[in-house]
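A.B. asks: Let me give you the structure first, and then I'll get to my questions.
The values are calculated or read from the model by the stated rules, or taken from the named source; none is laboratory data. All figures in this text were calculated on a predicted structure; none of them were measured in a lab. Ideal geometry is used to build each Cβ from the backbone, glycine not excepted, and the neighbour counts take in all protein chains shown. The accessibility values were calculated without ligands, DNA or RNA, using every heavy atom of the protein model including side chains. Shrake-Rupley method; radii C 1.70, N 1.55, O 1.52, S 1.80 Å.
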Amino acid sequence: MIRVVLADDQALVRAGFRALLDAQADIEVVGEAGDGDEAVRVARRTGPDVVLMDIRMPGTDGLAATRAIVHDERLASVRIVILTT
């Protein structure tokens, strides 16, 4: 099972990705975040395999959140896929 966190400031975008991913038998969405700080917190709490990360989010953006996740030894195995419009 691939565990995924969705990080995007637009709830509709997260809902769309969730619908697509929930249709896959081997993928589980374990958390969602609306900004970079929340993405880091959710990743630390859930320990996902993958974070789908939007770059442009209010407050802490996806690039800063990616840096925080990559530099956290507890999240060393997490892979991040950057998304943007």
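A.B. asks: Considering just Cα atoms, how many Å³ per residue does the convex hull of the range 21-81 enclose? Please list the in-between numbers first.
C.D. replies: Details: hull volume 4.6 nm³, N = 61.
Per-residue hull volume (Cα only) is 75 Å³.
A.B. asks: Given H placed on each backbone N at 1.01 Å, which residues far from Ile80 in sequence or on other chains put an amide H within less than 5 Å of it?
C.D. replies: Under 5 Å from the amide H of Ile80 lie the amide H atoms of Val51, each far enough along the sequence or on another chain.
A.B. asks: Another one. Which order do Leu6, Leu83 take when ranked by solvent-accessible area (1.4 Å probe, heavy atoms of all protein chains), largest first? Before the final figure, lay out the partial values.
C.D. replies: Working: Leu6 5, Leu83 45 Å².
Correct descending sequence by accessible area is Leu83, Leu6.
A.B. asks: Net charge around Glu73, counting only other residues with Cβ within less than 15 Å of its Cβ (Lys, Arg = +1; Asp, Glu = -1)? Could you put the intermediate results ahead of the total?
C.D. replies: Values: positive: Arg44, Arg67, Arg74; negative: Asp72.
Result for the local shell: +2.
A.B. asks: Distance from a point 7 Å along Cα→Cβ of Arg79 to each backbone N in the range 23-41: keep the residues under 18 Å and list them by number.
C.D. replies: Residues 24-31 fall inside that zone.
A.B. asks: Given 0.36 nm per residue, what is the gain on full extension from Leu63 to Leu12 after removing their alpha carbon distance, in nm?
C.D. replies: Numbers: separation 51, 0.36 × 51 = 18.36 nm, distance 2.11 nm.
So the extension gain works out to 16.3 nm.
A.B. asks: Please report the net charge: other residues with Cβ closer than 11 Å to the Cβ of Ile27, K and R +1, D and E -1.
C.D. replies: Values: positive: Arg3, Arg18; negative: Asp22, Asp26, Glu28, Asp49.
Here the charged neighbours net out to -2.
A.B. asks: Name the residues whose placed amide hydrogens come within less than 5 Å of the amide hydrogen of Glu32, ignoring near sequence neighbours (fewer than 5 apart) on the same chain.
C.D. replies: Leu6
A.B. asks: Moving on. Tally up the carbon and sulfur contribution to the accessible surface of the chain as a whole percent, 1.4 Å probe, everything protein left in place. Don't skip to the answer; put the middle values down first.
C.D. replies: Values: 2650 of 4930 Å².
Taking all protein chains in place, the chain shows 54 percent carbon and sulfur surface.
A.B. asks: Now a separate question. Counting only the heavy atoms of the protein chains, how much of Arg79 is accessible to a 1.4 Å probe, in Å² to the nearest 10?
C.D. replies: Taking all protein chains as shown, Arg79 has close to 150 Å².
A.B. asks: Related question: Keeping all protein chains in place and using 1.4 angstrom, which order do Leu63, Leu21, Leu12, Leu75 fall into by accessible surface area, from largest down? Can you show the working numbers first?
C.D. replies: Details: Leu63 80, Leu21 30, Leu12 145, Leu75 10 Å².
Sorted by accessible area, descending: Leu12, Leu63, Leu21, Leu75.
A.B. asks: Hey, what did the chain get for relative contact order, percent, Cα under 8 Å, at least 6 apart?
C.D. replies: Working: 164 pairs, mean separation 26.5, N = 85.
The normalised contact order for the chain reaches 31 percent.
A.B. asks: Can you give the extra length, in nm with one decimal, that the chain gains between Ala23 and Arg44 once fully stretched, where that is 0.36 nm per residue apart less the Cα-Cα distance?
C.D. replies: On the way: separation 21, 0.36 × 21 = 7.56 nm, distance 2.51 nm.
Taking Ala23 through Arg44 to full extension adds about 5.1 nm, to one decimal.
A.B. asks: Right, another one. Mind checking the per residue accessible area of the chain for me, 1.4 Å probe, whole number of Å²? Display every interim value, and only then the final one.
C.D. replies: Working: 4930 Å² over 85 residues.
Spelled out: the 1.4 Å probe surface of the chain, per residue, equals 58 Å².
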